[in-house]
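The values are calculated or read from the model by the stated rules, or taken from the named source; none is laboratory data. In this text, all values refer to a predicted model and were calculated from it rather than measured experimentally. Don't worry about glycine lacking a Cβ; one is built from the backbone with ideal geometry, like all the others, and counts go over all protein chains shown. Quick note on the areas: whole protein, heavy atoms, side chains included, nothing else; ligands and nucleic acids left out. Shrake-Rupley method; radii C 1.70, N 1.55, O 1.52, S 1.80 Å.
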Amino acid sequence: MTASTLTHGLWGRSAPAARDTAPLDGDVQADVAIIGAGYTGLSAALHLAQLGRSVVVLEARDIGFGGAGRNVGLVNAGMWVMPEDLLTALGSDMGSRLLDFLGDAPREVFDLIDRYAIPCEAQRTGTLHCAVGPKGLAEVRDRCRQWQARGAAVEVLGKAEAARKIGSDGYEGALWDHRAGTIQPMAYARGLARAALAEGAQIFTATQVRDVQHVGDGWQLRTDGGTVRAGALIAAGDAYMARVFPELATQQVILPYFNMATTPLTPQQLSEILPEKQGAWDTQEVLTSFRLDAAGRLVWGSVGALGVEAGVHRAWALRDMVRLFPQLRGVTFEHEWFGQIGMTANNLPRLHVLGPNGFAVAGYNGRGIAPGTVCGKALAHHIAGNLPLDEIPLPQVTAHPAPMRDIKSAALRVGAALVHGVNAVRPR
Ligand SMILES: Cc1cc2nc3c(=O)[nH]c(=O)nc-3n(C[C@H](O)[C@H](O)[C@H](O)COP(=O)(O)OP(=O)(O)OC[C@H]3O[C@@H](n4cnc5c(N)ncnc54)[C@H](O)[C@@H]3O)c2cc1C
């Protein structure tokens, strides 16, 4: 694994080992070539192999190196965008289809986990979107009303019930989404890779694609170790896309996000804090997320990078955790890591046509576990001839670098450090 403790932290260490893979060495021909071994690329590979297509995945580093091995592990149904705003943004036809597609996506994830017996700490007890103050409560009530109007299994918990489920009375209530859950994200990525290999896909790691050309009636991908020729292409690098199709990454503004994991909590603490093991996050703009892993560590996350500002975030995280859970005073963090979330202008993912039979979906806006899984599957079915492209409910967009991307990305990083810096010293 080329990852460091600062990139994949707890997830890199506690996930079952990946199956051995090697760099590409020689020239290979396949029906489909896929760039990137995250959820999108691996789900596409698995489904293409199930459909009898020969498929080659080329991964620059290791399985799950990008967002897939670093995230919080919340298997969410839908995006941040409110359902009604999504309908306004995409129109009622595509918007409705996208809401159904993403609303059902966690089921697809848990079905794959069951079918391939992927050991990834899967919990299907839902997620809690925790309301901060009256404004937060109004927001989760509105979100609940909009989802319930579509028949989704969501409910608002009042203050007392939320306090029981969270183990803290720090919130005014919470939206409990029964469709959702949590996983160990790196373990899910490695499990998808194992399943794809078992179905006959080939995966080459430490194999960066350096150049892609459409030549004749297919695609030619050049790496240091050899070339892949394929009739169809999926570029699945999302916010970590490197070298080729740079516009797929640069259309996204980078939101850094870190996680810190405590030492395992005591049985008494575990009986009080998230006793049903929902994953949780709150309604603040610089949000806080928290969840347990299988060993009983509390994984605490928020916006920010762990560069020179790491100490600020660490101080804030310890203080914020104890503010919500006073019984954790004295508990320390034993792992910390961070990654980059790619945000698009309208906070929605996009479908890109890169050329004849060449596709990408990118811009999951911090919601890529379930959406990446179902988008990879949809691209696989399209390439296999089972699904017309316009039945994938995503806007087809030409990617352009986001205006002032670097400035906006830097502002998010600095802004998060300032907010946490102020909150870490503010008297309560
Ligand atoms: C800290 C953090 C927290 C998050 N929390 C959540 C969460 O709780 N729930 C949720 O649903 N989502 C979350 N996300 C988002 C989620 O992780 C991503 O949306 C998801 O990983 C996207 O999957 P992907 O397969 O499209 O891309 P990635 O998982 O990023 O994988 C892309 C892969 O492509 C490879 N690659 C890039 N360029 C090349 C090249 N030229 N040649 C070969 N390989 C290449 C990269 O090395 C990488 O491994 C979070 C993300 C981060 C960073």
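Counting helices only, and only those DSSP H runs with n ≥ 4, report the 222 nm mean residue ellipticity of the chain as the sum of -39,500 (n - 2.57) divided by its residues, in deg cm²/dmol to the nearest 500.
Using -39500 (n - 2.57) per qualifying helix, the result is -11000 deg cm²/dmol.
From zero outward in steps of 10 Å, how is the percent of C-alpha pairs of segment 276-340 spread across the bins?
Values per bin, smallest distances first: 18, 57, 24, 1.
Report, in degrees rounded to the nearest 10, the 0 to 90 angle that the Cα long axis of helix 5-14 makes with the longest principal axis of the chain.
The helix 5-14 is inclined about 90 degrees to the chain.
Once you place label points 7 Å from the Cα toward the Cβ at Thr227 and Ala295, how far apart are they in nm?
Taking the two extended label points, one gets 4.7 nm.
Lysines near Lys165 by alpha-carbon distance under 16 Å, same-chain residues fewer than 8 away left out - which ones?
Lys277
Once fully extended, how much extra length lies between His400 and Thr332, figured as 0.36 nm per residue of separation less the alpha-carbon to alpha-carbon distance?
20.2 nm
At q = 0.17 Å⁻¹, what log₁₀ I(q)/I(0) does segment 97-222 have when each alpha carbon counts as one equal point scatterer in the Debye sum?
-0.95
Return, for the Cα atoms of segment 205-304, the radius of gyration and Dmax in Å, separated by a comma.
Radius of gyration, then largest Cα-Cα span, for segment 205-304: 21.1, 65 Å.
Can you give the accessible area of Phe359 in Å² (nearest 10), computed on protein heavy atoms with a 1.4 Å probe?
Only protein atoms counted, so the area is about 10 Å².
Round to the nearest 10 and report in Å² the accessible area of Cys144, as given by a 1.4 Å probe over the protein chains' heavy atoms.
10 Å²
Compute the helix-to-body angle for 133-148: its Cα long axis versus the longest principal axis of the chain, expressed 0 to 90° and rounded to tens.
40 degrees
Give the ranking of Trp80, Trp219 by solvent-accessible surface, highest area first, calculated with a 1.4 Å probe.
Trp80, Trp219
Considering all projection directions equally, how large on average is the shadow of the alpha-carbon convex hull of the chain, in square nanometres?
With the hull built on Cα positions only, its mean projection is 19.2 nm².
Quick one: check the C-alpha center-to-center distance for segment 32-89 versus segment 388-405, whole angstrom.
Comparing the Cα centres of segment 32-89 and segment 388-405, I get a distance of 16 Å.
Once the Cα atoms of helix 39-50 and of the chain are each reduced to a long axis, what angle between those two axes, in degrees from 0 to 90 to the nearest 10, is obtained?
The answer is roughly 50 degrees.
Expressed in nm to one decimal, what extension gain is obtained for the pair Tyr116 and Ala198 from 0.36 nm per residue of sequence separation less their Cα-Cα distance?
The span from Tyr116 to Ala198 would gain 28.6 nm if fully extended.
Can you pull the one-decimal nm distance between simple spin-label points at Arg150 and Val322, each 7 Å off the Cα toward Cβ?
4.2 nm
How large, in Å, is segment 130-178 by the Kirkwood hydrodynamic radius built from its alpha-carbon pairs?
10.5 Å
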